[in-house]
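Here's the structure we're looking at; comments come further down.
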Amino acid sequence: QVQVVESGGGLVQPGGSLRLSCAASGNIISINAMGWYRQAPGKQRELVAAITSGGSTNYADSVKGRFTIARGNAKNVVYLQMNSLKPEDTAVYYCYLNGRQGWALKDDNYWGQGTQVTVSS
C-alpha cells in the first residue's frame, strides 16, 4: 500500500506564509509526478501545483508568483512554499502522487488525507 501524508497546515494571517510537506511511503516502484490540489467549501477540487520526476513544474494561475513547489532530497518528498497568502487560499490541501506501486499493472493516483489551511485575520 502507498501512503501519502501531509503536514504543515494551519491558521495564518493574510500576507503570511506557510510551508506544506508531503511524504509518500510504501512499495513505490516509480513516480511520475507529485503535487497539491485544494478544495474550498462548496467548490471543486483544483490543482494548485505539480512537479514531475524530471523537475518540470505547473501552477494554477491564481498562485503563480506566490507558491513554489519543490522536491526534497528523497524522490518521495515534496514541499509547497506558500507566500503572500490570501483569504481565498483557504482550503483543504491534498497531496497526491502519480506513479506505480509494486504489484500494480498500471500507474495510479495516490492521495493524502488533506491538511487545512486557513487564511484569516
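The values are calculated or read from the model by the stated rules, or taken from the named source; none is laboratory data. All of these numbers come straight from a predicted model, not from anything done at the bench. Because the Cβ atoms are built from the backbone with ideal geometry, glycine has one as well, and the counts that use them run over all protein chains shown. The protein model used for the area step is the full one, side chains on, heavy atoms only, and it has no ligands, DNA or RNA in it. Shrake-Rupley method; radii C 1.70, N 1.55, O 1.52, S 1.80 Å.
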Exercise for review: Output yes when any residue across segment 54-64 is more than 17 Å from residue 4 (Cα to Cα), in contact with a helix residue (DSSP H, G or I) (Cβ under 8 Å, 6 or more places away or on another chain), part of a strand (DSSP E or B) and at pLDDT 95 or above, and no when none is.
Suggested key: no
**Study point:** Flag for residue 58 being open to solvent by 60 Å² or more (accessible area, probe 1.4 Å) and within 13 Å of the chain's Cα centre (by Cα)
**Key:** yes
Review point. Inside segment 70-110, can you point out the residues that are under 20 Å from residue 18 (Cα atoms) and of a type in the set (Asp, Glu)?
Key: 88, 89
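Here's the yes/no breakdown for (1) in contact (Cβ under 8 Å) with a residue 24 or more places away in the chain; (2) assigned to a strand (DSSP E or B); (3) closer than 20 Å to residue 111 by Cβ:
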site: 15; (1), (2), (3): yes, no, no
site: 21; (1), (2), (3): yes, yes, yes
site: 36; (1), (2), (3): yes, yes, yes
site: 44; (1), (2), (3): no, no, yes
site: 47; (1), (2), (3): no, yes, yes
Review point. Among the residues of segment 10-41, how many are farther than 14 Å from residue 75 by Cβ, modelled with pLDDT of 95 or more, surrounded by fewer than 19 Cβ atoms within 10 Å (Cβ to Cβ) and not hydrophobic (A, V, I, L, M, F, W, C)?
Key: 9
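Could you grab me the full set of residues in segment 94-109 that are open to solvent by 30 Å² or more (accessible area, probe 1.4 Å) and closer than 18 Å to residue 80 by Cβ? Please lay out each step first, then the result.
So in segment 94-109, the residues open to solvent by 30 Å² or more (accessible area, probe 1.4 Å) come out as 94, 98, 100, 102-103, 105-109.
Matches in segment 94-109: 94, 98, 109.
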